[in-house]
Amino acid sequence: MAGYSDLPYRLIAREMGSAVSFTEFSPAVTVTHKPVQEQKRIVFHESERPVIVQLFGNEPAQFVRAALYLAETDFRPEGIDINMGCSVQRVSSRGSGAGLLKNIPLAARIASELVKLNLFAISAKIRLGWDDASKNYLEVATALESEGVRTVSVHARTKSQGYKGSADWDAIGEVAQKVKIPVFGNGDLQSHEDAQTRIRQHRLRGALIGRAAMGNPWIFLGKNKSDMALSERLPTIRRHLSLMADFYGSAMAARLFRKHLTAYLSDLDISPQLRSKLFSAVTAEGLRSCLAEDCFSDYE
Ligand SMILES: Cc1cc2nc3c(=O)[nH]c(=O)nc-3n(C[C@H](O)[C@H](O)[C@H](O)COP(=O)(O)O)c2cc1C
């Protein structure tokens, strides 16, 4: 997830039991612009394998150039995932992300050209369609399967829905029945148990947990965050911050960590004084000292 599932977060998630790392989506067209190791959105750690690098774009050549570049630089994720789900206007209105749902022949060409390279396992993440009147998930999944895509993940909403309404898990079940390749379901999962139930119910290969994992990597362990005392959470929160400081440098980590911290503490009634101390730290070290046990002594 863009802005959340970067390398530091994914390492934490993996320690907690996540099964696969998907990188944040990255424009296929910019992959060739600089050394892979400098591309924060796509670098990964060996311990994360299997890793799927997710790319978005609207031209087969962009994806092919990106895949060749990755392979040439000996950057070897297990797979490349084609983003066909992003609903953000500046992406989807240009025919990328969920925009590809409106152009199945183009999506199929992107898939087929990537598959033909025989460099990475190719997968795709789709939505149910552009809008209610054009739900084409079965057609999209079938087309991708026939081009040799290895797995398909389905976020069970349309592009027009954005994140509104509820995910239609029956539609995910229909996809799983229709295609032979493994299907991953996605949308509104709130717990590990929830994911297991859906996987069993719809005979899926797995499930993807999105927003419920923000500030809650324990979800991958099957632990209920609301049952965890703050003292139990703090070591992970501090480790997350340290990993971010290593990855981004101290000042940027302090800034980027705020949204994670908001999510980590969202269910707690934090005093305005502590909140302002936490959210005004400008270095990771400063923030780390605010995250000391004694600052939170009132919150047990
Ligand atoms: C902030 C944010 C960033 C996201 N970034 C990505 C992304 O880079 N790639 C992707 O496939 N989906 C992305 N998504 C969509 C989620 O992966 C997921 O499909 C969606 O949130 C529905 O699942 P959920 O109900 O479990 O959150 C993002 C969602 C959010 C809220």
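Both radii were evaluated on the Cα set of segment 85-124; the Rg over Rh quotient, with Rh as the Kirkwood radius, amounts to 1.04.
Shape class of segment 221-273 from the Cα gyration tensor (axes a ≥ b ≥ c, square roots of the eigenvalues): oblate, since a/c reaches 1.5 or more and a/b does not exceed b/c.
Shape of segment 164-207 from the C-alpha gyration tensor: oblate (a/c of 1.5 or more and a/b not above b/c, with a ≥ b ≥ c the square roots of its eigenvalues). Ordering SER21, SER47 from the fewest to the most neighbouring beta carbons within 10 Å gives SER47, SER21.
When the Cα gyration tensor is reduced to axis lengths a ≥ b ≥ c, the ratio a/c is 1.5 or higher for segment 209-300, and with a/b not above b/c it is classed as oblate. In segment 1-125, the C-alpha radius of gyration followed by the widest Cα-Cα span (Dmax) gives 13.8, 40 angstrom.
Can you tell me which of LEU256, LEU241, LEU268 moves the most in a GNM of the chain? Springs connect C-alpha atoms under 10 Å apart. Among LEU256, LEU241, LEU268, the largest mean-square fluctuation in the Gaussian network model of the chain belongs to LEU268. Taking the three principal axes of the alpha carbon atoms in the chain, the coordinate ranges are 58, 42, 32 Å, sorted in descending order. The Cβ shell under 10 Å around ALA254 holds other residues with a net charge of +2, Lys and Arg each +1, Asp and Glu each -1. Using every pair of separate Cα atoms, the Kirkwood estimate puts the hydrodynamic radius of segment 144-292 at 17.6 angstrom. DSSP beta bridges confined to the chain are antiparallel in about 5 percent of cases. At q = 0.17, 0.29 Å⁻¹, what base-10 log of I(q)/I(0) does the Debye formula yield for segment 24-89 when every alpha carbon is treated as an equal point scatterer in vacuo? With one equal scatterer per Cα and no solvent, log10 I(q)/I(0) is -0.55, -1.52. Here the Karplus relation 6.51 cos²θ - 1.76 cosθ + 1.60, evaluated at θ = phi - 60°, turns the backbone of segment 165-170 into coupling constants of x, 10, 5, 9, 5, 5 Hz, with x for every Gly and Pro.
Highest mobility in the GNM of the chain, judged by mean-square fluctuation with C-alpha springs under 10 Å and restricted to ARG150, ARG288, ARG90, is found for ARG90.
Karplus-derived 3J(HN,Hα) values for segment 256-273, using 6.51 cos²θ - 1.76 cosθ + 1.60 with θ = phi - 60°, are 5, 6, 4, 5, 5, 4, 4, 5, 4, 9, 4, 8, 10, 8, 8, 5, x, 5 Hz; glycine and proline are entered as x. Relative to the longest principal axis of the Cα atoms of the chain, the long axis of helix 60-72 lies at roughly 60 degrees.
Grab the beta carbon distance between SER166 and ASP74, set R0 = 41 Å, and tell me the FRET efficiency rounded to 0.05. Using R0 = 41 Å, I get an efficiency of 0.40.
For segment 85-94, 3J(HN,Hα) computed residue by residue from phi via the Karplus equation (6.51, -1.76, 1.60; θ = phi - 60°) reads x, 5, 9, 4, 3, 5, 8, 6, 6, 9 Hz, glycine and proline entered as x. Counting every alpha-carbon pair across segment 171-250, the share separated by more than 16 Å comes to 59%.
Just so you know, all these numbers are worked out from the coordinates, no wet-lab data involved. In this text, all values refer to a predicted model and were calculated from it rather than measured experimentally. Methodologically, a virtual Cβ is constructed for each residue, glycine included, from the backbone with ideal geometry; neighbour enumeration extends over all protein chains shown.
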